[in-house]
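The values are calculated or read from the model by the stated rules, or taken from the named source; none is laboratory data. From a predicted model like this one, the values you see are computed outputs, not experimental measurements. Heads up: the accessible areas ignore ligands, DNA and RNA and are worked out on the full protein's heavy atoms, side chains in. Shrake-Rupley method; radii C 1.70, N 1.55, O 1.52, S 1.80 Å.
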Amino acid sequence: MRLPLFGGKVAAGFPSPADDYVDKTLDLNELLVQKPAATFFVRAQGESMLGAGIHPNDILVVDRSIEPAAGKIVICALNGELTVKRLASENGQWKLKAENPAYPDIELNDELDMLVWGVVTNVIHPV
């Protein structure tokens with residue numbers, strides 16, 4: 001579904017009526033989903049990723065075709081439970097890092113059953 005896209009930018013301060021015109025249309029699927037066959041949505045739970053702009057009940061857009069790499073935010077199954085964290089490598093040690101100091105990082109090791117499901121590409125949350 002394509003919806004109107006205004007050509008101007010929205011002023012966060014004083015409004016500008018001169019920019020009030022429709023330039024083209026925008027399909028949110030085209031904007032948020034680059035590879036439909038590899039993309040899924042999942043709802044976030046918890047507050048461990050607040051620093052990354054991920055809040056409870058946000059919708060995460062996840063692309064399974066993107067290679068997980070250090071610095072990417074990933075969805076993974078960790079010992080049978082899904083979690084969202086930033087994948088990091090520090091001194092040769094892979095970690096799942098929280099973006100909230102109240103939550104500990106998770107050091108990855110052979111004893112953990114971990115499978116990356118995909119890389120988060122976008123976050124949708126209400127204001």
In the chain, how does Rg compare with the Kirkwood Rh, expressed as the Rg/Rh ratio over alpha carbon atoms? 1.08
Of ILE124, ILE106, which has the most accessible area with a 1.4 Å probe, and how do the rest follow in descending order? ILE124, ILE106
Cross-link partners among aspartates and glutamates for LYS24, C-alpha distance below 17 Å, same-chain residues fewer than 8 apart left out? none
For LYS72, go through the lysines and keep the ones whose alpha-carbon is under 25 Å away, minus same-chain ones fewer than eight residues off. LYS35, LYS85, LYS95, LYS97
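With only alpha-carbon pairs counted, each pair once and no self-pairs, how large is the Kirkwood hydrodynamic radius of segment 63-104 in angstroms? List each step's numbers first, then the result.
Working: mean 1/r = 0.0902 Å⁻¹.
The Cα-based Kirkwood calculation yields 11.1 Å.
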Which far-off residues, 5 or more places away or on another chain, put their amide H under 5 Å from the one on ILE66, with H placed in the peptide plane? VAL119
Using a 1.4 Å probe on the protein heavy atoms only, what accessible surface does ARG43 show? Give it in Å² to the nearest 10. 140
Run the 1.4 Å probe and let me know the accessible area of GLU107, rounded to the nearest 10 Å². 100
